[in-house]
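Beneath this line is the structure, given in structure tokens, with notes to follow.
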Amino acid sequence: MAHEIVIENLLKRFSDDFTLGPLSLAVSQSELLGVIGPSGSGKTTLLRLIAGFERPDSGRIVIGSRTVADAIHWVEPEDRGVGMVFQEYALFPHLTVAENIAFGVPKPVRAQRVRELMELVGLAGFAGRYPHELSGGEQQRVAIARALAAAPNVLLLDEPFSHLDADLRPKMRAFLKVLLQRLGCTTIFVTHDQEEAFELADRVAVLNAGRLEQIDVPERLYREPATRFVAEFIGRPCAVCRRLMRAADLFCALPQLLI
Amino acid sequence: MASSRTLVRRAWARWVGLGSIQRAVLSLIVLGVAWAIALPFIITLWRGITAGTEIWSSLWHARLVPLLVSTLLLTGAVTVGALVLGGSLAWLIERTDLPGRRWLGPMLAAPLVMPCYVIAIWHVSFWGPGGVLSRLLELFGVSVHVPTLYGFFGAWLILVIGTYPYVYMLTRAALRSLDVQLEEAARSLGVRRWHIVTRVTLPLLAPALAAGGLLAAVYVLSDYGAVATLRYETFTTAIYKQLAGRYDQAPAAAMSTVLIALTVLLLVAQQRLWGRGRHYYKASPRPLPLVPLRSWKRWAALGFLVLCVILGVLLPGGVSLYWLLEGVVHPQPMAAFWGTSLADLGSYAWNSLVSASAAATGALFLAWPLAYRAVRYNARGLARLSQAGQALPGVLIALAIALVLHRFVPFLYFTVWALIIAYIVRFFAVALQATEAGLARVPVRLEEAARSLGCSSVGVWWRLTLPLVRPSLIAGWTLVFLNALRELPATLLLRPPGFDTLPVRFWIAAGEGFYAQAAAPALLLMVLSLPLFFLGHQLEVHRGT
């Protein structure tokens, strides 16, 4: 299968000593790649580099057949055809749902496109509402519809479920999975919740402190972790939970023990 | 059996917790205060409306249309000027990589420290034949004709200088709270830079721009000092002449009605807009990217900023220092008559400080029950009513207070009390807004939480409510104090004979051309106004006219 996104030796330094990379990975067409890692591991930075909001210090990013960033080339974000769904959705507060979705659509096809997408994400009756009148789940669907309306080749999702209530997450996850499979859009999504990544993604990349630890299908990550970090990050969260809970129990019981 | 101490405590708790009787008492107090504060406004309107058809028709034929045209023309032109200047300066400071932004940023807000009439008078004494500029040029043997500043252009320029800081500061705050992700989202949707400005950035800034523009417009309507100095006739100068010259109240009241109507219109628009577009919060802490300015653009922008600082701050400040030195180096025989000795200056300053601080303290005391009722019981009707005073420009407040005192308490007329009452009525809205803002920071839940932790109701007051409200009260007091300190026309018209304040002394001396004698009061006023600089973000600033 053809690669839609190719990243070679990507490196980005920040003033506060954080460095992302050097990092290489490739994403196939229509693939759904999950990126996981603890907070501060560079997940969001990776997305921002692909979207074009940050310039890499060295390395190369190819989207489709076009080099969008390397030592010579630079393509502005608005010319990359990369849609992004921000962690806090970044909906335009002064525009209605329909106007938000129509934002990146050229005039001639606008009305029809907006109608299609509102139906696709199940917000048909919401055209005239403003973002602050929507629930978190509805806001997220508007953000996804807005990104898809511009017909991107690549879709980036930054912590898509982190701002949703726990009981809403499985529902939105299922919804997103069906939607993305139907559209066949190459997608990278970032999360700190490995369960989420394993359920949704075709392949999962594990980042730690700016380095790529491993990238593989969920099963292999689980069975054959390449590094100790991956093993601990994937395999042991429940053990940690259990230990924490035991500690908490003990802590609560302390007053009684002391008396 | 409950001890006497707990009984007292319970009684206090009931009072503070406000049972039905106490609430009724509070409502009565609020009713009284609100109507008393609104009375001057209502009576002025009433006098104007019932002025009789003769007065109205003679006004209509002789004055009204030209006055309306000249006032609206100036208001519109200044508002546009302040919006363009304030908006572009805010953008240059917040969104570009201009060198020296750090110190130019606050300097650009500094005209707020100077009352508009001070800026106007120093500009008048600077330009024109025989002005400071031509004198300085003569020192170098250069003799050119320096144009004067009188008329529409001068009034426009000075009022733009005086009002752009409102737009500038509000827009800067809005730019800073703009979420960078919104612009990034627009870019990821394939929208070009310029379209992002028109489709995202400007619409998001619109509430701030509109609020700043309205502040500027309301200010222009209320201004007396600047337009009088620059000899441009508007409603305020016409009413002032009517009052000071003939003391003819009926035509003045009729003209006032029109001016009040214009002001109320703008104030209502302002209240509608206030708080709109704020129902989202800044999600991303990432700072907005700066636009690099290269080569000539950089220098052009820097030159523009420096020019603004020179016209708004350095020139008025420098000219007052020049005149102060002039007075010291070439003392004039008339100086004694103009009372420029330190002792005289001290007495003016004392008069100013006493009247202004009495007004500030009184306004805060009266505002407290209204704010309490508004915040705790969400009953804002009477609080709105009491803000009517802010629709009365300084000239009109003098007329209104004169009308009220004449009818009800004539023995207060032409006393310091009349002045203090005028300040309180005019700036009551500022005190009320500050107190309300402070009380809103102490939700009832918080007090309940303190009570549940075993704190007595007095203790809650002392340890929780007061410390939380205090900063707002201090800010409110300072704002009322400074506004009263700088108020010119109301003081000129209402002061008792011999009661000279700093603005009055400055105005009279400068009006007679004795600039050297006007310099000291002006500089003192500027120094006393410095706290405004630190309260700038509060922006309920209504400067004295």
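Name the pairs: first residue in the stretch B:279-293 and at pLDDT 70 or above, second residue loosely packed, with under 15 Cβ neighbours inside 10 Å, Cβ to Cβ under 6 Å, at least 6 apart or on different chains?
Short answer, once both residue conditions are applied: B:Leu290/B:Asp97; B:Pro292/B:Asp97.
Mind listing just one residue for me: the one in the stretch B:184-206 that is at the interface with chain A (Cβ under 9 Å from one of its Cβ atoms) and either among the acidic types (Asp, Glu) or in contact (Cβ under 8 Å) with a residue 24 or more places away in the chain (or both) and, of those, nearest to B:Leu259 (Cα to Cα)?
Of everything passing the filter in the stretch B:184-206, B:Ala206 is nearest to B:Leu259 (Cα to Cα).
Based on this model, can you work out whether B:Trp35 counts as part of a helix (DSSP H, G or I), modelled with pLDDT under 80 and of a type outside the set (A, V, I, L, M)?
no
A:Leu156: under 15 Å from the mean Cα position of the chain (by Cα) and either touching a residue at least 40 places away in the same chain (Cβ under 8 Å) or within 13 Å of another protein chain (Cβ to nearest Cβ) (or both), yes or no?
In short, yes.
Condition (residue is more than 11 Å from chain B (Cβ to nearest Cβ) and without any contact (Cβ under 8 Å) to a residue 12 or more places away in the chain) applied to the stretch A:92-101: is it met by at least one residue?
Among the residues of the stretch A:92-101, not one is more than 11 Å from chain B (Cβ to nearest Cβ) and without any contact (Cβ under 8 Å) to a residue 12 or more places away in the chain, which makes the answer no.
Just checking, how many residues over the stretch A:55-80 are surrounded by 18 or more Cβ atoms within 10 Å (Cβ to Cβ) and within 14 Å of chain B (Cβ to nearest Cβ)?
Going through the stretch A:55-80 one residue at a time, the tally reaches 5.
Just to be sure before I move on: is B:Ala509 in contact with a helix residue (DSSP H, G or I) (Cβ under 6 Å, 6 or more places away or on another chain) and buried (at least 22 other Cβ atoms within 10 Å of the Cβ) in the structure I sent?
Yes: the conditions hold for B:Ala509.
Select from the stretch B:186-225 the residues that are of a type in the set (Phe, Trp, Tyr) and within 14 Å of the chain's Cα centre (by Cα) and write down the one among them that is nearest to A:Asn100 (Cα to Cα).
B:Tyr219
I need a count of the residues in the stretch B:164-183 that are within 9 Å of chain A (Cβ to nearest Cβ) and under 23 Å from the mean Cα position of the chain (by Cα).
0
Of everything in the stretch A:111-152 that's within 25 Å of the chain's Cα centre (by Cα), more than 10 Å from chain B (Cβ to nearest Cβ) and assigned to a loop (DSSP other than H, G, I, E, B), which residue is surrounded by the fewest Cβ atoms within 10 Å (Cβ to Cβ)?
A:Ser135
What tally of residues in the stretch B:395-428 results from selecting those that are touching a residue at least 40 places away in the same chain (Cβ under 8 Å) and on the phi < 0 side of the Ramachandran plot?
Counting residues in the stretch B:395-428 that are touching a residue at least 40 places away in the same chain (Cβ under 8 Å) and on the phi < 0 side of the Ramachandran plot gives 23.
Looking at A:Gly52, A:Gly21 in this structure, which one is buried (at least 17 other Cβ atoms within 10 Å of the Cβ), small (Gly, Ala, Ser) and in contact with a helix residue (DSSP H, G or I) (Cβ under 6 Å, 6 or more places away or on another chain)?
A:Gly52
Residues are listed down the side, and each one gets a yes or a no for (1) basic (Lys, Arg); (2) surrounded by 17 or more Cβ atoms within 10 Å (Cβ to Cβ):
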site	(1), (2)
B:Gly381	no, no
B:Ala391	no, yes
B:Ala400	no, yes
B:Ala431	no, yes
B:Thr435	no, yes
B:Pro443	no, no
B:Val458	no, no
B:Arg463	yes, no
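Which residues, counting only those in the stretch A:52-110, are within 30 Å of A:His132 (Cβ to Cβ), basic (Lys, Arg) and in a loop (DSSP other than H, G, I, E, B)?
Answer for the stretch A:52-110, where residues must be within 30 Å of A:His132 (Cβ to Cβ), basic (Lys, Arg) and in a loop (DSSP other than H, G, I, E, B): just A:Arg80.
The values are calculated or read from the model by the stated rules, or taken from the named source; none is laboratory data. Remember, it's a predicted structure, so these values are computed and weren't measured experimentally. Glycine also receives a Cβ, built like all others from the backbone with ideal geometry; neighbour counts cover every protein chain displayed.
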